[in-house]
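Here the structure comes first, spelled out in structure tokens, and everything after it is commentary.
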Amino acid sequence: MRKALRWVLSFVLVIGAVATAGAATAADRSADQKAATATDTTDIKDRILAIPGMSLIQEKPYEGYRYFVLNYTQPVDHRKPSKGTFQQRITLLHKDTSRPTVFFTGGYNVSTTPSRSEPTRIIDGNQVSMEYRFFTPSRPQPADWSKLDIWQAASDQHRIFTALKKIYPKNWLSTGGSKGGMTATYFERYYPRDMDGVVAYVAPNDVWNNEDSAYDRFFERVGTKECRDKLNAVQREALVRREPLEKKFKEWADANSATFNTIGTLDKAYEATVLDFVWGFWQYSLLSDCETIPAATVSDQEIYDTVDTISGFSAYTDQGLATYTPYYYQAGTQLGSPDITQPHLGDLSRYGYQPPRNFVPRDIPMRFNPLTMPDVDNWVRHHANQMLFVYGQNDPWGAEPFRLGSGARDSYVYVAPGANHGANVAGLVPDQQAKATARILAWAGVAPAAVQKDESKAKPLAPFDSKLDRQKVERQQTLRP
């Protein structure tokens, strides 16, 4: 991913494979069932900690569940396991071994606060969440950055799934949002026999990194002309008033000991933040929020505060970039990153959209592989099986979505009207919402008889929990091409 990831939401995604695509065989499930029955009397924590390489960091109470924060020993290089290991942090929201399980990937750090993805609520199941490799503390030491790629990360998931499947023998779904949705998709591409279904939310698909005209077309028609003009005017004004506003930025940076060694200068960081403004608005705001955007004639402080609220001036400081170094590294080596022209800025922009290389310390080598994303895109088009992609109509990241071809089976791409980067199944139009919910239940093996007969009756099996099901927003920078 890349550009407007200024604030990246962590959402859910479900990944899947059918019997023909590699779902567990009846014999495998029977064996797992017997193993589970034989150990039913053992406390679930003891069963989990009996897995080689699994250790407990903390158990947190939550009514109706057991919640564990764990470390799992992973090879630094799955192709050469003898070349060292690292501790990867995972969490487990345990409900019951007789329920299906959702494998959630956010694509970044894992939260250690109990939470439940949308598919987990729909199927009323367990949830395993994985911290993406190289996000601290799940980083090998010393860090060989060449081992940070989508195949290695998918192999992390495969090992975790394989270890836990013996304890949780029912169906598994994979899910995640944004980079997590991408992660779940890549997992399915490399290990299509693991999951019984995939739900990928707002997953960008930057197939050809140098062809980003879809984003320009998106910004020419998103929302209303009145709102687009308003946003463009404030963004332009922030560059017209660069000198007084950069003075405010420097005062803030000095007061907070913020530095700019990675990107190079405060001026580059300031412009990068301003250039994220329009994208950032549509990514996490609604059309109705345009009313909060001031006229371009307001004071310097109001312009500064408006840009800071949407884009966040701390994003391109060394301190803001450090957490997301693994993301920027991947954007500059495999994932790609979108670009937009923003012609309304004219010659006010000094640097244009800066590349991911500018956001990664120079002592970390980077080289882009242009073949990785076309391979994934081609696989999804021709081999997707029991996969659901959900996008938001007004989310810039959806300008280049995953698409399905003639080889796809029982797979769907839906767009939630008026939604942003927080799009979910609940925000789909009624018939699509029912269809998506019914398919998730079916893939998990828990569709009630009434739903099997009539998909319009499909509803989440678990009631809404204001704490567990709270939508969670994770701050993260906006990448440039």
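The values are calculated or read from the model by the stated rules, or taken from the named source; none is laboratory data. This one's a predicted model, so the numbers in the text were calculated from it and none came from an experiment. Cβ sites come from the backbone with ideal geometry, for glycine too, and all protein chains shown count toward neighbours. Note: accessible area is taken over every heavy atom of the protein model, side chains too, but ligands, DNA and RNA are not part of it. Shrake-Rupley method; radii C 1.70, N 1.55, O 1.52, S 1.80 Å.
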Could I have the simple spin-label model distance between Gln393 and Ala233, label points 7 Å from Cα toward Cβ, reported in nm to one decimal?
2.5 nm
Taking the 0 to 90 degree range and rounding to the nearest ten, how far is the long axis of helix 300-310 tilted relative to the main principal axis of the chain, both from C-alpha atoms?
20 degrees
With +1 at each Lys and Arg Cβ and -1 at each Asp and Glu Cβ, the charge dipole magnitude of the stretch 82-126 around its Cα centre, to the nearest 20 debye, comes out at 140 debye
Which one of Val298, Asn369, Val198 has its Cα pushed farthest toward the positive end of the charge dipole of the chain, where Lys and Arg give +1 and Asp and Glu give -1 at the Cβ?
Val198
How large is ³J(HN,Hα), in whole Hz, for each residue of the stretch 314-331 in order, when computed from phi with the Karplus curve 6.51 cos²θ - 1.76 cosθ + 1.60 and θ = phi - 60°, using x for Gly and Pro?
7, 4, 9, 6, 4, 5, x, 6, 4, 4, 9, 3, x, 5, 4, 4, 5, 4
Output ordering of 221-230, 237-246, 132-141 (per-residue mean of other Cβ within 10 Å, highest first) is 132-141, 237-246, 221-230
Rounded to the nearest 20 debye, dipole of the chain from Cβ charges on Lys, Arg, Asp, Glu
1260 debye
With every protein chain kept in place and ligands, DNA and RNA left out, what is the accessible area per residue of the stretch 321-456? Probe 1.4 Å, answer in Å².
40 Å²
If one takes the longest principal axis of the Cα atoms in the chain, at what angle in degrees, from 0 to 90 and to the nearest 10, does the Cα axis of helix 430-444 lie?
50 degrees
To the nearest 10 degrees, the tilt of helix 150-165 (Cα long axis) against the first principal axis of the alpha carbons of the chain is 30 degrees
How large is the accessible surface per residue of the stretch 66-156, computed with a 1.4 Å probe and reported in Å² as a whole number?
30 Å²
Two-site label geometry, Trp208 and Asn256: point separation in nm, points 7 Å out along Cα→Cβ
4.0 nm
On the protein heavy atoms, probe 1.4 angstrom, tell me the percent of accessible surface of the chain carried by carbon and sulfur.
50 percent
Helix-derived [θ] at 222 nm for the chain: sum -39500 (n - 2.57) over DSSP H runs of at least 4, divide by residue count, nearest 500?
-10000 deg cm²/dmol
